[in-house]
Amino acid sequence: MASQSYDKIDGVIWYDGKLVKWADANVHVLTHGLHYASCVFEGERAYGGKVFKSTEHSERLRRSAQILDFEIPYSVAEIDAAKALVIEKNNRPNAYVRPIAWRGSEMMGVSAQNNTIHLAIAAWEWPSYFDPAQKLKGIRLDLAEYRRPDPVTIPCKAKAAGLYMICTVSKHRAERKGYADALMLDWRGLVAECTGANVFFIKSGKIHTPTPDCFLDGITRRTAIELAKKRGIEVIERAITPEELDGFGECFITGTAAEVTPVSEIAKWRFTPGAITKQLMDDYTATVQPKERSAAA
């Protein structure tokens, strides 16, 4: 899909309550969401025609909008149904799903009290975020220069477009240096997350992961924690300093796009994908894939 522009995909997009042709799903250049980042979104995956944890994603979308001081004019159930319709009408049972809500163009300026709130939902084929062959060996991460800001300065619990500005910059810089992604510290210098995924470390059979106090507590992150606990693996959520990374044997990241992906390197630190990471990769696949397909495999 990388070879095709995203505005030229064949299909339909759910846009403000109706299906429109993909090419017609446009906004005006003076849309508030474009100029002032009054825009929230979700990243979801459908497996076998069903969006994994669809309702949790829809609930978070509405919460994100509320944090940005606007109300999406559709209920969680209506958003769930719209996603299912998009998957069905595009005949993409295995797809990446992107709901996005934003303020329209009625007012231009920081204040936009009366702007129409729009919602659109698209679905397209998007395989694993990272190269499959490289993924099994473990991806390489750079250490980002930008840090996740103090939560008193940003709406850190919203999945808001503006918060990804430093993520894009950091990922671009990492890719130019030959890395797959970048690990971000927070404003205190503690380990936070990658540009679009949460991070986990393993030592002595226990999983350690940063407390999500200034970044999203990802839905895939919570799923991985649940799966680990079902296996009897202890999961410790705590502050982690970069100096501690020498002491961990395994590392992996989680996210809708990344799923569960092993890490072999973060800047100067090295890790070896091992049994616990592989088990969680397998458990996650078994959880998200339709039961009949998992059984057949």
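How many residues are touching a Gly at 6+ places or on another chain (Cβ under 7 Å) and more than 17 Å from T277 (Cα to Cα) when one looks only at the range 183-231?
Start the filter on the range 183-231 by keeping residues that are touching a Gly at 6+ places or on another chain (Cβ under 7 Å), which leaves 196-198, 202-203, 218, 220.
Imposing the further condition that a residue be more than 17 Å from T277 (Cα to Cα) reduces the set to 196, 218.
Of the residues in the range 183-231, 2 are touching a Gly at 6+ places or on another chain (Cβ under 7 Å) and more than 17 Å from T277 (Cα to Cα).
Given the options A95, A174, A123, A180, name the one that is small (G, A, S), free of Cβ contacts under 8 Å to residues at least 40 places away in the same chain and touching a strand residue (DSSP E or B) at 6+ places or on another chain (Cβ under 6 Å). Step through it out loud before you land on a result.
Details: A95 fails: free of Cβ contacts under 8 Å to residues at least 40 places away in the same chain; A123 fails: free of Cβ contacts under 8 Å to residues at least 40 places away in the same chain; A180 fails: free of Cβ contacts under 8 Å to residues at least 40 places away in the same chain.
Selected residue: A174, the only one of A95, A174, A123, A180 that is small (G, A, S), free of Cβ contacts under 8 Å to residues at least 40 places away in the same chain and touching a strand residue (DSSP E or B) at 6+ places or on another chain (Cβ under 6 Å).
Determine, yes or no, whether P155 is surrounded by fewer than 19 Cβ atoms within 10 Å (Cβ to Cβ), in contact with a helix residue (DSSP H, G or I) (Cβ under 8 Å, 6 or more places away or on another chain) and either modelled with pLDDT of 95 or more or among the β-branched types (V, I, T) (or both). Give the derivation first.
On the way: surrounded by fewer than 19 Cβ atoms within 10 Å (Cβ to Cβ): yes; in contact with a helix residue (DSSP H, G or I) (Cβ under 8 Å, 6 or more places away or on another chain): yes; either modelled with pLDDT of 95 or more or among the β-branched types (V, I, T) (or both): yes.
Yes; evaluated as a whole, the condition is true for this residue.
Counting residues that are modelled with pLDDT of 95 or more, of a type in the set (V, I, T) and touching a Pro at 6+ places or on another chain (Cβ under 9 Å), which strands (runs of 3 or more DSSP E) fully inside the range 1-114 reach at least 3? Give the derivation first.
On the way: elements: 12-15, 18-21, 39-41, 44-47, 95-103.
Correct list: empty, since no element meets the threshold.
Pick from V110, V51: which is touching a residue at least 40 places away in the same chain (Cβ under 8 Å), of a type in the set (A, V, I, L, M), touching a helix residue (DSSP H, G or I) at 6+ places or on another chain (Cβ under 9 Å) and closer than 20 Å to W126 by Cβ? Spell out the reasoning first.
Details: V110 fails: closer than 20 Å to W126 by Cβ.
Just a single option satisfies the conditions, and that option is V51.
Rundown of residues vs (1) outside any loop (DSSP other than H, G, I, E, B); (2) over 16 Å from the mean Cα position of the chain (by Cα), yes/no style:
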position: L136; (1), (2): yes, yes
position: D150; (1), (2): no, yes
position: T153; (1), (2): no, yes
position: L163; (1), (2): yes, no
position: I166; (1), (2): yes, no
position: V169; (1), (2): yes, yes
position: G178; (1), (2): no, yes
position: D213; (1), (2): no, yes
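Using the structure shown, decide if T254 is modelled with pLDDT of 95 or more, among the β-branched types (V, I, T) and assigned to a helix (DSSP H, G or I). Don't jump to the end; show me each part of the working.
Working: modelled with pLDDT of 95 or more: yes; among the β-branched types (V, I, T): yes; assigned to a helix (DSSP H, G or I): no.
Spelling it out, it is not the case that T254 is modelled with pLDDT of 95 or more, among the β-branched types (V, I, T) and assigned to a helix (DSSP H, G or I).
The values are calculated or read from the model by the stated rules, or taken from the named source; none is laboratory data. As the structure is a computational prediction, the values presented were derived from the model and not from experiment. Positions of Cβ are backbone-derived with ideal geometry, glycine not excepted, and every protein chain shown enters the neighbour counts.
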